[in-house]
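For reference, the structure is listed below as structure tokens.
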Amino acid sequence: MTTQAEHDGATESGSDDHFFAASLREFPWPWAAGAAVATFVVEYLLVAALFVLGPSSVDRSVPIIDSTMAVLIQYAHILFNAHFVWIVQAATVPNVQIPEPFSNDLWLALVSGGAATHPLVYFLLPVVSLVIAGAVFERHRDSPATGRFTEAGLVGAGFTVGYLAVGILGSVTFVQRVPINGSDGFLTQQPDLYFTAIMFLVFPMLFATLGAVLAYDRDQA
């Protein structure tokens, strides 16, 4: 039988039972989510740099991207394409035929060839960015001795929270709208919400976790 004194002593020593393990309670979830959002922002800036400073370009003669804001949204669509997220085209009025309701410009460029910047550069951009971000986050935090895979899994899960949130927000924010001739409706283009929910969960969980594993192994070497 446990006496009251023994129970009080256990509580004071921190050995009382908790629903969540100490590693979950002590992990800096807000910082990991914030790091994931920052990683997405860096990815977007790198995509923009490839178009503004690099060999890629945006054709402003296309009606749907004839303004600066439309060009900025186009950069976002390319970044979503790099996560294997389809861009959905839909009309706000009925009886309008849409030849390509789903598209991925990077995949089309990879198949057809001739792109100024090889599409694989864009496909690798979020992969490399998340691996580096996961490794940097792991290296700069005072992590408890929870084991390599437990610690890396926490980093991946923490990144997933922020990455998934910014992805879903982007899928409903980065919307192109162009008037349809002869009607009051619009043709819209935006990242597919369902693909976004899947891929923006898978990417950080895989690649931020991998970066944390690599950083953990290096720290333990």
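Throughout, read-outs are computed from the coordinates displayed, never taken from laboratory work. Given the structure is predicted, the values throughout are model-derived calculations rather than measurements. We place every Cβ from the backbone using ideal geometry, glycine too, and count neighbours over all the protein chains shown.
Ranked highest first by average number of other Cβ atoms within 10 Å, how do 196-205, 72-81 line up?
72-81, 196-205
How many nm separate the modelled label positions at residue 49 and residue 68, each set 7 Å beyond the Cα in the direction of the Cβ?
So the two model labels end up 2.1 nm from each other.
Quick one: compute a quarter of the convex hull surface over the Cα atoms of segment 78-221 and quote it in nm².
10.7
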